[in-house]
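Asker: Here's a structure for you.
The values are calculated or read from the model by the stated rules, or taken from the named source; none is laboratory data. On a predicted model such as this, the values are computed, not experimentally measured, just so you know. Here the Cβ positions follow ideal geometry from the backbone for every residue, glycine too, while neighbour counts run over all protein chains shown. These accessible areas exclude ligands, DNA and RNA; they are computed on the full protein's heavy atoms, side chains included. Shrake-Rupley method; radii C 1.70, N 1.55, O 1.52, S 1.80 Å.
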Amino acid sequence: MATGELGDLGGYYFRFLPQKTFQSLSSKEITSRLRQWSMLGRIKAQAFGFDQTFQSYRKDDFVMAFFKDPNVIPNLKLLSDSSGQWIILGTEVKKIEAINVPCTQLSMSFFHRLYDEDIVRDSGHIVKCLDSFCDPFLISDELRRVLLVEDSEKYEIFSQPDREEFLFCLFKHLCLGGALCQYEDVISPYLETTKLIYKDLVSVRKNPQTKKIQITSSVFKVSAYVSVRELLQPKNLITFY
């Protein structure tokens with residue numbers, strides 16, 4: 001876990017881009033699904049531009065500069081745990097912890113193993129199982145079992161590096177949903193929504209030498225503190241590209 005303290009912020013400057021829209025979170029079909037999964041109004045994407053080339057070895061300086069920028073403080077929205085409402089950051093951050101989230105997957109074939117291992121039938125229906133609990137989640141099908149239960153028979157079809165991938169994190173988040181989630185019986189809504197959000201947040205380009213498509217985005221899971229000990233809730237996934 002990398003930690004950034006106050007210090008040289010490297011001269012990064014940011015600008016809020018309210019005109020940037022994220023179609024994956026605003027289409028009628030997706031908002032209907034998010035409502036069913038108890039996630040509507042609890043997931044948000046915002047865009048900010050920056051003025052220098054991002055350098056991965058200076059990510060802590062970069063993230064700290066982001067949270068201290070005068071164009072970010074009055075515009076960045078966070079979901080309040082206490083009220084359940086979106087609130088403005090509105091204060092300087094004193095410390096950050098930024099963890100790299102691997103982002104290498106270019107295809108939804110990453111999830112074909114769910115079919116190969118009989119977690120999902122060829123028809124797309126998710127295989128049911130006897131009810132059990134993995135607090136706070138009710139597990140009533142093999143999909144949630146493979147996502148949550150570490151000692152389950154098929155948990156290892158996704159390795160630990162697989163589970164750290166940004167694509168997997170998005171998929172798991174959507175599958176588990178919110179407190180009043182109405183789960184799907186088929187896999188397609190989860191896969192389609194994951195794909196649309198992933199494409200909206202991640203940039204790619206063709207390598208001029210190899211002619212292969214490669215991801216150019218960097219993704220971090222960030223914890224921000226308004227004092228040395230007081231964690232600003234919630235933790236946020238931030239994509240820089």
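Asker: Consider residue 195 against the criteria (1) assigned by the TED database to the domain that holds residue 44; (2) modelled with pLDDT of 90 or more; (3) basic (Lys, Arg): it satisfies all of them except one. Which criterion is unmet?
Answerer: Condition (1) is where residue 195 drops out.
Asker: For residue 60, indicate whether it is among the charged types (D, E, K, R) and farther than 16 Å from residue 218 by Cβ.
Answerer: Details: among the charged types (D, E, K, R): yes; farther than 16 Å from residue 218 by Cβ: no.
Answer is no for this residue.
Asker: Right, here's the next one. Could you grab me the full set of residues in segment 40-57 that are free of Cβ contacts under 8 Å to residues at least 12 places away in the same chain, farther than 24 Å from residue 81 by Cα and assigned to a loop (DSSP other than H, G, I, E, B)?
Answerer: Of everything in segment 40-57, those that are free of Cβ contacts under 8 Å to residues at least 12 places away in the same chain, farther than 24 Å from residue 81 by Cα and assigned to a loop (DSSP other than H, G, I, E, B) turn out to be 53, 55.
Asker: Would you please list the contacts, defined by Cβ atoms under 7 Å and residues six or more apart or on different chains, that run from a residue in segment 120-145 that is closer than 18 Å to residue 171 by Cα to a residue that is surrounded by 15 or more Cβ atoms within 10 Å (Cβ to Cβ) and among the small types (Gly, Ala, Ser)?
Answerer: Note: pairs meeting the criteria are 145/152.
Asker: Filter segment 146-167 for residues that are surrounded by 11 or more Cβ atoms within 10 Å (Cβ to Cβ), free of Cβ contacts under 8 Å to residues at least 40 places away in the same chain and either assigned to a helix (DSSP H, G or I) or charged (D, E, K, R) (or both) and give the result. It would help to see each step written out before you state the result.
Answerer: Keep residues of segment 146-167 that are surrounded by 11 or more Cβ atoms within 10 Å (Cβ to Cβ), which gives 146-149, 152-158, 162-167.
In the following step, the residues that additionally are free of Cβ contacts under 8 Å to residues at least 40 places away in the same chain were identified as 146-149, 152-156, 163.
Residues satisfying the conditions are 146, 147, 148, 153, 154, 155, 156, 163.
Asker: Which is of a type outside the set (Lys, Arg), open to solvent by less than 20 Å² (accessible area, probe 1.4 Å), modelled with pLDDT under 95 and outside any helix (DSSP H, G or I), of 87, 96?
Answerer: From the options 87, 96, the qualifying one is 96.
Asker: Ok, one more. Which residue is modelled with the highest pLDDT, if the candidates are limited to segment 99-111 and must be β-branched (Val, Ile, Thr) and under 19 Å from residue 63 (Cβ atoms)?
Answerer: 101
Asker: Now for a separate question. Before we move on, is residue 103 open to solvent by less than 60 Å² (accessible area, probe 1.4 Å), part of a loop (DSSP other than H, G, I, E, B), touching a strand residue (DSSP E or B) at 6+ places or on another chain (Cβ under 7 Å) and in contact (Cβ under 8 Å) with a residue 12 or more places away in the chain? I'd like the intermediate steps shown before the answer.
Answerer: Values: open to solvent by less than 60 Å² (accessible area, probe 1.4 Å): yes; part of a loop (DSSP other than H, G, I, E, B): yes; touching a strand residue (DSSP E or B) at 6+ places or on another chain (Cβ under 7 Å): yes; in contact (Cβ under 8 Å) with a residue 12 or more places away in the chain: yes.
Here the answer is yes, as residue 103 does meet what is asked.
Asker: Moving on to the next point. Would you pick out the residues in segment 128-145 that are open to solvent by 30 Å² or more (accessible area, probe 1.4 Å) and at pLDDT 95 or above? Outline the logic, then answer.
Answerer: At the first step, the residues of segment 128-145 found to be open to solvent by 30 Å² or more (accessible area, probe 1.4 Å) are 128, 130-138, 142, 145.
Matches in segment 128-145: 128, 142, 145.
Asker: Do you know which residues across segment 168-211 are touching a strand residue (DSSP E or B) at 6+ places or on another chain (Cβ under 7 Å), open to solvent by 80 Å² or more (accessible area, probe 1.4 Å) and either part of a loop (DSSP other than H, G, I, E, B) or among the small types (Gly, Ala, Ser) (or both)?
Answerer: 185
Asker: Can you find a residue that is under 19 Å from the mean Cα position of the chain (by Cα) and either assigned by the TED database to the domain that holds residue 183 or farther than 22 Å from residue 202 by Cα (or both) anywhere in segment 43-65?
Answerer: No: segment 43-65 contains no residue that is under 19 Å from the mean Cα position of the chain (by Cα) and either assigned by the TED database to the domain that holds residue 183 or farther than 22 Å from residue 202 by Cα (or both).
Asker: I've got another one for you. Based on this model, can you work out whether residue 139 counts as of a type outside the set (Ser, Thr, Tyr) and out of contact with any Pro (no Cβ under 7 Å at 6 or more places or on another chain)?
Answerer: Yes.
Asker: Of the numbered conditions (1) over 21 Å from residue 169 (Cα atoms); (2) surrounded by 12 or more Cβ atoms within 10 Å (Cβ to Cβ), residue 51 fails exactly one; give the number of that condition.
Answerer: (2)
Asker: Determine whether segment 61-75 contains at least one residue that is under 20 Å from residue 45 (Cα atoms), out of contact with any Phe, Trp or Tyr (no Cβ under 7 Å at 6 or more places or on another chain), touching a residue at least 12 places away in the same chain (Cβ under 8 Å) and not hydrophobic (A, V, I, L, M, F, W, C).
Answerer: yes
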